[in-house]
Every structure is written in C-alpha cells, then in structure tokens.
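Q: The structure under discussion is supplied below as structure tokens; questions concerning it will follow.
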Amino acid sequence: MNSISVRALLVRGMLAGLAAGLPALGVAYLLGEPRVDSAIAYEDAHSHEHGAELVSRTMQSTAGLSTGVLVYGVAFGGIAALAVCVALGRIGRFGPRATAALVSLGALVAGYLVPFFKYPANPPAVGDPETLDQRTTLYFLMVVLSVLLAVGAVILGRRLAPRLGNWNATVAAAVAFIVVVGLAYAFLPSFNEVPEGFPATLLWQFRLAALAVQCTLWVSFGLLFGHLAERLLSPRPTAADRVAATGATDLATAERP
C-alpha cells in the first residue's frame, strides 16, 4: 500500500473509532454508571475516610466519561487502522471489509478479553490501594503479552498452512495460543481483594457492563471501518464507468471483421 492509502485509512480508522465510541458511551452510561454509583455508595457507607472530591461525580459521569470513551475510540481506531494496513493481503485472501472485521475481533480478544479474564475490571471499593501499581503493571503486561502471542499465532498459522492446510494450521495456532495464555494465567500472580460483604451481584454486573462497552466499541468499529475501507480500496464502478465500459465493448465488437 502506498503512503496515501495508509494515510486515508488512518483517518477513516480514527473517524470510525470516534463513531464507534458513541454507542459504547451509551452502553457505559446506561449499564456502567449505575453500578459505579452503587459501589461508591457502598464505599461511603463502609469507609471512615471521606476526602474532598477533586472532580464532582456529575462531571465524572458525563464529561469525564464522554472524553475517556471517545478519546479511547479515536486512539485505538487509528491503531487498528494501521494494523489493517499491515494485515491486508497477508493473512489470507480477505478483502478490506473482512480484514477489518478480523482485526477488530483480534483486538477485542487479544487486547481485552484475554487480560480481562485474568485481571477483570473492578468497581470502586474493590481492590487494595497498596497493590494498585502492581495490579496496573501486571494488567498492561498481560495486554502486551496477549497481543504478541496473537501475532505469533497468526505467523505460526501461516507457516504451517502449506504443510497442514489452512484449517488444521488455524486450529494448531489457536491451540498454541490458548496453551501459552494458560501458562501465563498460571504463573502470573492473581488478586482477590473483594472486601467482605461487597455484593457479588453488583461486582459481576459491573464487570459485565465493562465487557459490554468493549464489545459494543469493537463490533461497531469493525462494521464501520470495514465499510469505509471497502469504499476506499475497492470502490464500486459508477454509472459513468459502466457507460464507458459498455461503450468500449460496443466499439470493440463493431471493429471486429
């Protein structure tokens, strides 16, 4: 791909990320924010320390949430667009739309689901402040490891394909990915810092809401960016193009002896 196409795809990826952030923002506000409020109420009721709020809860749940989700969408939309540029034509005979869908699925699985199952999202009042730095470091380590393993699995599958066939190579690469991720789960430390008495239903509702936000974001992005990439890289012939092609065919037919 030339630099113009890459630049155009990057811009479209960021725009698609911004657009995909809107439904994700709606899910976060409707499903996530009520659980955050409930967790804060539990924390206030069971904590003897009440510090002054630097940012009001209203600001956090509106402007703060909107900024965070939309900036996240734009940033990761641009990164995913560059990943599509790299993957296009290198992971099989997939067109731009299918490649965008596969990259979006891979980003959801490797970038969020795999780390999520090891270190799931926690609402306020859950987690020891003294282990915050360690938990954050381990989470990002898990993200990086998962993405690298996913890329390695794709490379492994392509190298095995000539000998095993596409299907068997894909299965072998997926199994290798799962095995190594399982080893990472086993050897990396875990944390169980849910305070005694914290409602289990609230905890899982919050985690499911966080999962729903990410699924909404990446599914929306895959559909939107796939459409934009298809229009850019595989444009449909216009009416003028069809008329010109028909005229050229008629002319060639008329010139035959």
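The values are calculated or read from the model by the stated rules, or taken from the named source; none is laboratory data. Just so you know, these numbers come straight off a predicted model, no measurement behind them. Heads up, the Cβs are rebuilt from the backbone with ideal geometry, glycines too, and the neighbour counts pull from every protein chain shown. With ligands, DNA and RNA removed, areas are computed over all heavy atoms of the protein, side chains included. Shrake-Rupley method; radii C 1.70, N 1.55, O 1.52, S 1.80 Å.
Q: Leaving ligands, DNA and RNA out of it, report the carbon-plus-sulfur percent of the accessible area of the range 126-192 at a 1.4 Å probe.
A: Looking at the range 126-192 in its full context, I get 69 percent from C and S.
Q: Leaving out ligands, DNA and RNA but keeping every protein chain, what accessible area does Tyr29 have, in Å² rounded to the nearest 10, with a 1.4 Å probe?
A: Accessible area of Tyr29: about 120 Å².
Q: Ranking request for peptides 167-174, 103-110, 179-186: highest mean number of other beta-carbon atoms within 10 Å first, then the rest in descending order.
A: Those peptides, ordered most packed to least, come out 103-110, 167-174, 179-186.
Q: Here is a further query. With every protein chain left in place, what is the accessible area per residue of the range 3-101 in square angstrom, probe 1.4 Å?
A: I get 58 Å² per residue for this part.
Q: Helix hunt in the chain: which complete DSSP H runs extend at least 24 Å axially by C-alpha with mean Kyte-Doolittle at least 1.6?
A: Span-like helices in the chain: 65-87, 166-187.
Q: How do the peptides 65-77, 193-205 rank, highest first, by the average count of neighbouring beta carbon atoms within 10 Å per residue?
A: On the way: 65-77: 18.1, 193-205: 12.7.
Taking the mean over residues of other Cβ atoms within 10 Å, the ranking is 65-77, 193-205.
Q: (1) 179; (2) 168; (3) 138: which one is volume of the Cα convex hull per residue in Å³ as calculated from this entry?
A: Computed from the coordinates, volume of the Cα convex hull per residue in Å³ corresponds to (1).
Q: With the dipole of the chain worked out from charges on the C-beta (+1 for Lys and Arg, -1 for Asp and Glu) around the Cα centre, which of Gly89, Leu156, Leu105 lies farthest toward the positive end?
A: Of Gly89, Leu156, Leu105, it is Gly89.
Q: Let me see the P(r) profile for the range 126-192: every Cα-Cα distance counted, bins of 5 Å, each bin given as a percent of all pairs.
A: 3, 17, 21, 17, 13, 10, 8, 5, 4, 2, 0
Q: Summing +1 for each Lys or Arg and -1 for each Asp or Glu, what net charge is found among the other residues whose Cβ lies under 9 Å from the Cβ of Phe191?
A: After counting each charged neighbour, the total is -1.
Q: Give the accessible surface of the range 145-208 per residue, rounded to a whole number of Å², with probe radius 1.4 Å and ligands, DNA and RNA excluded.
A: That works out to 68 Å² for each residue.
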